[in-house]
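Contents: one structure, followed by commentary.
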Amino acid sequence: MLTLKHLPLLAASAFLLSACASPQADDANITSAVSANLRTASILPENKVTVQTIDHVVYLSGIADTQLVLLDAVQAANRVPGVTRVVDKMAVQR
């Protein structure tokens with residue numbers, strides 16, 4: 001049975017578990033969410049864009065049909081919670 005005397009131990013355990021969470025797991029979740037945003041918004045076909053996340057920074061590379069599509073992709077990536085910055089390495093198809 002848990003009592004109030006266990007509360008500090010539970011709080012410390014929760015803090016340690018959250019501090020030990022893998023940043024790669026967060027990055028993987030961000031990459032998945034950005035990819036889903038791009039597919040849902042029909043901004044870019046999946047085979048034309050590569051999404052990579054390192055330390056909450058999203059890197060977009062690939063080819064966009066227009067400058068507007070490229071800007072939409074960057075905005076869609078920025079809308080994902082946890083993204084601190086988007087680095088656009090995309091080219092516009094001529």
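Here, each number is a calculation from the coordinates, and none is a lab measurement. Fair warning: this is a prediction, and the values are worked out from it, not measured in the lab.
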**Report entry** Fully extended contour minus Cα-Cα distance, from Leu68 to Ile54, at 0.36 nm per residue
**Finding:** 2.5 nm
Query raised in the report: Relative to the compact globular guide of 2.2 N^0.38 Å, what is the alpha carbon radius of gyration of the stretch 22-92, as a ratio?
Result: 0.99
Report summary line: antiparallel share of DSSP beta bridges within the stretch 22-92, to nearest 5, in %, is 45 percent
